[in-house]
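> Take this structure, written in structure tokens, and hold onto it; I'll ask about it next.
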Amino acid sequence: MSAARNLVVALCGGIGGAKLALGLSRVMAGADLMLVANTGDDFEHLGLAISPDLDTIMYTLAGLDDPQRGWGRRNESWTFMAALEALGGETWFALGDGDLATHVERTRRLRAGEALSAITADFCRRLGIAARLVPMSDDVVRTCLRTEEGRLDFQDYFVRRRCAPRVLEVIYDGAAAARAHADVLAALGDPRLRAVVICPSNPFLSIEPILAVPDLREAIAGAAAPVVAVSPIIGGRAVKGPTAKMMSELGLEVSAAAVARRYRDLLDAYVLDGTDADAAGKLGIPVTVTNTLMTTLADRENLARDVLASADALAKAAA
């Protein structure tokens, strides 16, 4: 591989995506890593602008994440929530005291006219994060679900209702008119691009909102570097979250292969767990079989290396 091809763009949702993002940031130069984060699950709560996936990735890269809950900040205190509950306020969406500071400052700056991407970049700089974390768009895109109980905003479905209602359709409001950040488009067309990585995040709730932004999907499809996805499904089950439940409700096979088929028009290679090795020869693209269950930091780093090696092998074959 030419030393000049060192830029990696990764599409990233929350917990699973953040784990691989951390692995990538540790096995390559952080400045060469651009993480494009889902903002479809952003919403306003208690008058504050909340960006759950952006914050999960940011806290993970800064070493501030809570490894037990998988979201929010570690060593968090909950004085605000206790006081809010005593006053009869809404407590279904938990905001820790340290986490609250992020939302308050983001909201203040958004209302002052700053773009979400600029605020995120400044937060990352202050937290010592070398990788570039960019929202998929500075325009508003909101994931909604049509369920057996009617239409629900994402956080109502995911947090308030704990993913209980049966999902009939996933809708990305505003995506068709949204514009990808110019720096993301520039990175996808950069001759230094080494790989585009689709992290093992929920396809419907974390990755497809990103791909629903038209110019972003087109730029990924047209990228000269290999596009490699990592399966979020291991042995017919999701590691965390409602991915498997949603696939079943939407009439899809719950398998690593089914996820690959959803990305088929974009993929050059796929990475799946050894548990699903029997699917490797059925996808029609190069497949890397490895351990994709990231329980330790070493797991994250090893998977990141395997993903990059998969992309590098394709680049060498094409050279």
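> Among the numbered criteria (1) in contact with a Leu (Cβ under 9 Å, 6 or more places away or on another chain); (2) of a type in the set (Asp, Glu); (3) over 17 Å from Thr292 (Cα atoms), which one does Asp173 miss?
Failing condition for Asp173: (1).
> Please verify whether Arg5 is closer than 26 Å to Leu266 by Cα and of a type in the set (Lys, Arg), treating the condition exactly as stated.
Against the criterion (closer than 26 Å to Leu266 by Cα and of a type in the set (Lys, Arg)), Arg5 qualifies.
> To continue, here is another question. Can you work out which of the residues in the range 248-307 that are small (Gly, Ala, Ser), over 16 Å from Gly236 (Cβ atoms) and surrounded by 15 or more Cβ atoms within 10 Å (Cβ to Cβ) is farthest from the chain's Cα centre (by Cα)?
Per the criteria, the residue is Ala269.
> For the condition aliphatic (A, V, I, L, M), modelled with pLDDT of 95 or more and under 14 Å from the mean Cα position of the chain (by Cα), what is the one hit in Leu11, Leu48?
Leu11
> Shifting gears a bit: Among the residues of the range 155-167, how many are surrounded by 20 or more Cβ atoms within 10 Å (Cβ to Cβ) and more than 19 Å from Trp92 (Cα to Cα)?
1
> Is one or more of the residues making up the range 283-290 assigned to a helix (DSSP H, G or I) and either touching a helix residue (DSSP H, G or I) at 6+ places or on another chain (Cβ under 7 Å) or in contact (Cβ under 8 Å) with a residue 60 or more places away in the chain (or both)?
Checked against the condition, which is being assigned to a helix (DSSP H, G or I) and either touching a helix residue (DSSP H, G or I) at 6+ places or on another chain (Cβ under 7 Å) or in contact (Cβ under 8 Å) with a residue 60 or more places away in the chain (or both), the range 283-290 yields no hits at all.
Results for (1) within 19 Å of the chain's Cα centre (by Cα); (2) of a type outside the set (Phe, Trp, Tyr); (3) modelled with pLDDT of 95 or more, shown as yes or no for each residue.
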residue: Leu127; (1), (2), (3): no, yes, yes
residue: Thr147; (1), (2), (3): no, yes, yes
residue: Arg160; (1), (2), (3): no, yes, no
residue: Tyr172; (1), (2), (3): yes, no, yes
residue: Ala195; (1), (2), (3): yes, yes, yes
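> Go through the range 133-154 and give me each residue that's surrounded by fewer than 23 Cβ atoms within 10 Å (Cβ to Cβ), assigned to a strand (DSSP E or B) and not hydrophobic (A, V, I, L, M, F, W, C).
Selection gives Arg142, Arg146, Thr147, Gly150, Arg151, Asp153.
> Follow-up. Which residues, taken from the range 261-282, are part of a helix (DSSP H, G or I) and in contact (Cβ under 8 Å) with a residue 40 or more places away in the chain?
Within the range 261-282, Arg262, Thr275, Asp276 meet the criteria.
> Additional query: Can you list the helices (runs of 4 or more DSSP H) found entirely within the range 33-126 that contain at least 1 residues being surrounded by 20 or more Cβ atoms within 10 Å (Cβ to Cβ), of a type outside the set (Val, Ile, Thr) and in contact (Cβ under 8 Å) with a residue 12 or more places away in the chain?
So the answer is 52-62, 97-111, 116-126.
> Tell me yes or no: at least one residue of the range 241-260 is farther than 24 Å from Leu145 by Cβ and assigned to a loop (DSSP other than H, G, I, E, B).
Looking through the range 241-260, none of the residues is farther than 24 Å from Leu145 by Cβ and assigned to a loop (DSSP other than H, G, I, E, B).
The values are calculated or read from the model by the stated rules, or taken from the named source; none is laboratory data. This structure is a prediction, so every number in the text was calculated from the model and none was measured. All Cβ positions, glycine included, derive from the backbone under ideal geometry; neighbour counts span all protein chains shown.
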